[in-house]
1. Does ILE76 satisfy being buried (at least 19 other Cβ atoms within 10 Å of the Cβ), in a helix (DSSP H, G or I), under 11 Å from the mean Cα position of the chain (by Cα) and among the β-branched types (Val, Ile, Thr)?
2. Residues of region 37-65 being more than 16 Å from the chain's Cα centre (by Cα) and under 14 Å from SER98 (Cβ atoms), which ones?
3. If you check ILE46 against the conditions, is it free of Cβ contacts under 8 Å to residues at least 60 places away in the same chain, in a helix (DSSP H, G or I) and surrounded by 19 or more Cβ atoms within 10 Å (Cβ to Cβ)?
4. Would you be able to tell me the number of residues in region 1-29 that are closer than 20 Å to SER81 by Cα and in a loop (DSSP other than H, G, I, E, B)?
5. Search region 79-98 for residues being assigned to a loop (DSSP other than H, G, I, E, B) and not hydrophobic (A, V, I, L, M, F, W, C), and hand back the single one that is farthest from LEU54 (Cα to Cα).
Amino acid sequence: MSKLLIRLIVNTLSIFITAWILGDAVQIGSIGIAILVAIVLLVFNITLKPLLILLTLPATIVTFGLFLFVINALIIMAADSLVAGFSVANFWWALLFSLVLSIVNAMLFSLGERSR
C-alpha cells in the first residue's frame, strides 16, 4: 500500500479512537465521517497549516512553539464547520482533541514501526 493510504487509515482510526475517548464533547456519526474528517484534516494540514504557521511565526516563537497547538485546534474547528456529522463542543475541546489525537497517532504509528 502507498504511504498516503496507510497514513489515512491510521489517522482515521486515531480520529475515531480520540472521539471515543473524549466522549460527548466530540461526536463522529460513523466511520465514513471519520474517513472524511481525516481527508479534510490531511488537506488542511498540507495547504492551510503552513500558511497559518508562517503568519503567526512571531507568536509561535514567543510561546516556544506552543501556539502550534492553537493552530491545530483552529484547523479542527474548521473541519468541524465543513464536515456534517462531526462536531466539537468548543475551542477548548478542539485543543484537547488535537493533543489526544497527536498522542494516539504517535502510539499507532509506533506500533506499526515495531511490527516491521
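Just so you know, all these numbers are worked out from the coordinates, no wet-lab data involved. Note that the structure is a prediction, hence the values are computed from the model and not measured. Cβ coordinates were reconstructed from backbone atoms using ideal geometry, including for glycine residues, and neighbour counts include every protein chain displayed.
1. yes
2. GLY65
3. no
4. 1
5. Looking at residues that are assigned to a loop (DSSP other than H, G, I, E, B) and not hydrophobic (A, V, I, L, M, F, W, C), I get GLY85.
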